[in-house]
Each structure stands twice: as C-alpha cells, then as structure tokens.
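Here's the structure, in structure tokens; my notes come after.
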Amino acid sequence: MQVSVIGCGYLGAVHAASMAKLGHTVVGIDVDAAKVALLSSGTAPFYEPGLPELLAEVQATGRLAFSTDMSVAAGSAVHFLCVGTPQQHGEFRADLTYVEDAFAALLPHVRPGDLVVGKSTVPVGTAESLAARLAGTGATLVWNPEFLREGFAVQDTLHPDRLVYGLPTDDEGVPTEDGARAQKILDEVYAEPLADDTPLVVTDYATAQLVKVAANSFLATKISFINAMAELCEATGADVTRLADAIGYDDRIGRRFLNAGLGFGGGCLPKDIRAFMARAGELGVDQALSFLREVDAINMRRRVRMVDLAREVCGGSIVGARIAVLGAAFKPDSDDIRDSPALSVAAQMQLQGAHVVVTDPQAVPNARKAWAGLAFAATAEEAVTGADVVLLATEWSEYRALDPETIGDLVAHRRILDGRNVLDPRRWRAAGWTYRALGRP
C-alpha cells in the first residue's frame, strides 16, 4: 500500500521504516529539514538498536523516502499521524500543537476513501474532534495507539503484543460502514503481524485513546508501589529486593517492573500520567485519578533520597566530593534524556556542592547540550578516576558487569550507590566497597 507517516521523530521514524519492512511504499514527512536529510541518508537521528540496519535495508528496496513537503502525502491511501504530544510548559496537560499543526497541513491533501490513522498519545476526546474536521472529505479517522518501548521499538512495531483500532461506531458501539471499511484497510496494513496471531482489539475512539495512558499509568503505579515499599524497608531494615521476589511469585502480581530504585523517567510515563490527571479534571472525574499524584510524588522522592544516600556515605556532606554518575539516559539502550532520573540526581548533587562527572554509552551528546553545567566523561573508567562516590544511575549492561576490584584501583574511596539495585552487594563489599542502595539494609 501507499503509506505516509507524518512526523519522523522517535515514533514516526521507526514506524515508517517498519511499514516499509512490511512491504508498503512509505513516505515520511517532517518539518525538520535536518532530520529529513539524516533519515534520507540512512542515518537515524537518535539511538535505537536495530533502526540503522532497518533503514539501510528498506531504503535499498526503494520503498522508503523522506520529505519536508506535505503534498507528497497526496498519493497515499493511509496517513499515520506520529507527532509528539509533550507536556505543556507550566501545566500538566498535553500540548497538542504538533498534532493540530500536522493535521491541518495534511487536511488539504486527503482524498475520499483515505484513512487518517492517529498513533500519537492524546487526551481522550482528541480523535472525536479531528474526525469532525474530516467530515465532508470522504476520509475516515482511525485511532491506532502505539506501544513502543525504547530500546525495543523496531521489535515492538514489527511484532507487537497487541493492535488496537479505534473506529467510528454507532450508538451501540458497532463500527459504522466507514469503520468496517477502515478496519479492512488497516488489516491489510498489518497483514503480517495479524498472520502471526497478534491479538487485535477493535473498539471505539474513546477506548482506543485511553489504552496507552491507562497502560502507562498502571506501569507507573507498579513501579512507584515498589519504591514506596523501599521507603518502608529503609525505615525497618527490610530488603526490598527480597520483598519484590516474594510478592512477585504471586501470578496476580508478577515480578516484572518490581525493581526499586531511582524510578521512571523518559518522554512517556511522566508526561502521560500528568496529562491523564489533567484530562480527568477537565471531565470532572479528577478524583478517579487522584492516586496518580502520589505515584508521581513517590517517583520524585526517590531522586531526593539518592542524594541523601550520597551525603550519608560521605559523612554528612557532599560539598567538594567528586561523584561519578554512571548513566545519563533515562533507561539503558537509549540516548533519551527526557526527565532522566540520572541527570536529575546529578544536577541536585552539583547544586549541593559536589563535583559531578557523568558518563553514558550513548546519551552524553544529548546530555551535554541540555546540562552544560555538568562535567562529562567518555568512559566509566574516566568518570570514576579519583571519585569519592560512584553512582550507578542507568542500568546499562556494561555498568552491571563492572569489576569492583578493577574500578576500585581508580577511585579515591570505594563507595558505590546502586541506584537500580542491579549489582551484587556481597561481591562489592567483599572487594572493600561501601555498598548502599534504595530500600536495602
């Protein structure tokens, strides 16, 4: 099929390349000429495992091109809206400027029978508003939320764990004639994943828009729950990792994402739960999501507590202490520093008088642009040389595999703060390190 992808950031670039991999002819469109030039040359403008190889593979077939000219979308039968919805400055609500601008630019180029498919994470009610603006064009709006995990985005697009179609429906929730036709077209777009028995949920606009934010809110709640337990463990001398192991054996709970530590960050979970709360308030049901305020608060408290731990291991003050922070990205296998717990803690330590040196396998260039006041190192070995404290803040595999004896020869004092609870305390203590972690004795 002929497909256009509007917006070639993280979501759009991966989606465009993946649609071409599935056999479609794709044009990716973005207003950023520099980004389009990079993608046209086969270069990913951000770090995502597998994406450079996928871009090279599909561009060699001639099925993928990029442009800044929205008019080239006119030849496509399906148009995916993949632009960002960041948090509004000074507010919790989502900023829909990019969605509105992209939709307005696309509107003159849609033809009768076309599908406009929203993939962006938007407040519930947005799809209904956009569908009304499509009325009279003969095109149909579908909401098809994305569920990408950074570091696994290519896999999650080509082999999704589920597909959701939000279609126009009648008063009884049954897809209208246009909705049924739209489903057939989307089934053709996703023919390969559907052939692999990917679960498909067909629903209305409102439900489809709620799926992503509901999923992210549940995940954030699970992460903050175990971090709340970590606070109790610190007060009682209990071990949060053993606690998580024990409750994780319950099939109703599960062990995944019960890892206490610095908490969540990135471009999705923090802003999505805040936008969800804001939208609930606009709908008059803010009490239904009031618990998310505490989820957010617990998450932010873990960052403050990590600074407290650094102060404790330094004898009550970090003024003048050299602290090496291993990790700048909000998670491993990414160069995304948006709302990064690692950088938040590093900045707080610097403000309190420490000399902080940050390193990361991929995110240093992005971090350097956003946090000019911090010092950066190219490698872990460089960062820890002469350090009074080492903080593991992002659980990259190379940091988890560090040898305490080798690293111990480089530091000024053997003090390790395990911000992700991924190191073996016995191994590090046996090498003469003071080991501290959130929620552990």
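Residues that are surrounded by fewer than 24 Cβ atoms within 10 Å (Cβ to Cβ) and among the small types (Gly, Ala, Ser) were ranked within region 332-353; the one that is farthest from residue 265 (Cα to Cα) is 353.
Within region 174-213, work out how many residues are assigned to a loop (DSSP other than H, G, I, E, B) and within 28 Å of the chain's Cα centre (by Cα).
From region 174-213, those assigned to a loop (DSSP other than H, G, I, E, B) are 174, 176, 190, 196-199; that's our starting set.
Add one more test, that the residue is within 28 Å of the chain's Cα centre (by Cα), and what stays is 190, 196-199.
The number of residues fulfilling the criteria is 5.
Yes or no: region 59-81 includes at least one residue that is in contact (Cβ under 8 Å) with a residue 60 or more places away in the chain and of a type in the set (Val, Ile, Thr). Within region 59-81, one or more residues are in contact (Cβ under 8 Å) with a residue 60 or more places away in the chain and of a type in the set (Val, Ile, Thr).
Screening residue 381 against (1) farther than 25 Å from residue 425 by Cα; (2) in contact (Cβ under 8 Å) with a residue 24 or more places away in the chain leaves a single unmet condition, (1). Scanning region 223-237 for residues that are surrounded by fewer than 16 Cβ atoms within 10 Å (Cβ to Cβ) and on the phi < 0 side of the Ramachandran plot gives 232, 235, 236. For region 156-173, a residue qualifies if it is out of contact with any Ser or Thr (no Cβ under 7 Å at 6 or more places or on another chain) and assigned to a helix (DSSP H, G or I), and exactly one does: 156.
In region 82-128, the residue that is surrounded by the fewest Cβ atoms within 10 Å (Cβ to Cβ) out of those that are in contact (Cβ under 8 Å) with a residue 24 or more places away in the chain, among the hydroxyl-bearing types (Ser, Thr, Tyr) and outside any loop (DSSP other than H, G, I, E, B) is 98. Only one entry of 177, 172, 188, 234 meets the criterion of being closer than 21 Å to residue 261 by Cα and either at pLDDT 95 or above or outside the structural domain of residue 420 (by TED's automatic domain parsing) (or both), and that entry is 234. Selection of region 344-382 for residues being of a type in the set (S, T, N, Q), under 19 Å from residue 332 (Cα atoms), in a helix (DSSP H, G or I) and in contact with a helix residue (DSSP H, G or I) (Cβ under 8 Å, 6 or more places away or on another chain) yields only 344.
In the condition set (1) touching a Ser or Thr at 6+ places or on another chain (Cβ under 8 Å); (2) crowded, with 23+ Cβ neighbours inside 10 Å; (3) part of a helix (DSSP H, G or I), residue 19 is compliant with all but (1).
Checking the conditions here, which among 313, 285, 356, 319 is β-branched (Val, Ile, Thr) and either under 24 Å from the mean Cα position of the chain (by Cα) or not assigned by TED's automatic domain parsing to the domain that holds residue 399 (or both)? Spell out how you get there, then give the answer.
Values: 313 fails: either under 24 Å from the mean Cα position of the chain (by Cα) or not assigned by TED's automatic domain parsing to the domain that holds residue 399 (or both); 356 fails: either under 24 Å from the mean Cα position of the chain (by Cα) or not assigned by TED's automatic domain parsing to the domain that holds residue 399 (or both); 319 fails: either under 24 Å from the mean Cα position of the chain (by Cα) or not assigned by TED's automatic domain parsing to the domain that holds residue 399 (or both).
Being β-branched (Val, Ile, Thr) and either under 24 Å from the mean Cα position of the chain (by Cα) or not assigned by TED's automatic domain parsing to the domain that holds residue 399 (or both) holds for just one of 313, 285, 356, 319, which is 285.
Regarding region 51-61, can at least one residue be identified that is polar (S, T, N, Q), under 18 Å from residue 101 (Cβ atoms), buried (at least 16 other Cβ atoms within 10 Å of the Cβ) and touching a Gly at 6+ places or on another chain (Cβ under 8 Å)? No: region 51-61 contains no residue that is polar (S, T, N, Q), under 18 Å from residue 101 (Cβ atoms), buried (at least 16 other Cβ atoms within 10 Å of the Cβ) and touching a Gly at 6+ places or on another chain (Cβ under 8 Å).
Could you say which residue among 370, 401 is touching a residue at least 24 places away in the same chain (Cβ under 8 Å) and either of a type outside the set (A, V, I, L, M) or not assigned by TED's automatic domain parsing to the domain that holds residue 154 (or both)? Can you show your working first?
Numbers: 401 fails: touching a residue at least 24 places away in the same chain (Cβ under 8 Å).
Answer to the selection: 370.
Please verify whether region 323-340 includes one or more residues that are part of a helix (DSSP H, G or I), on the phi < 0 side of the Ramachandran plot and of a type in the set (Asp, Glu). No, there is no match, as no residue in region 323-340 is part of a helix (DSSP H, G or I), on the phi < 0 side of the Ramachandran plot and of a type in the set (Asp, Glu). A residue that is touching a helix residue (DSSP H, G or I) at 6+ places or on another chain (Cβ under 9 Å), within 24 Å of residue 290 (Cα to Cα), surrounded by 14 or more Cβ atoms within 10 Å (Cβ to Cβ) and not β-branched (Val, Ile, Thr) occurs somewhere in region 251-258. Taking every residue in region 156-169 that is farther than 21 Å from residue 139 by Cα and in the same structural domain as residue 121 (by TED's automatic domain parsing) and pairing it with any residue that is among the β-branched types (Val, Ile, Thr) and part of a helix (DSSP H, G or I), at least 6 positions away or on another chain, the pairs with Cβ-Cβ distances below 9 Å are 156/14; 157/14; 162/211.
The values are calculated or read from the model by the stated rules, or taken from the named source; none is laboratory data. In this text, all values refer to a predicted model and were calculated from it rather than measured experimentally. Positions of Cβ are backbone-derived with ideal geometry, glycine not excepted, and every protein chain shown enters the neighbour counts.
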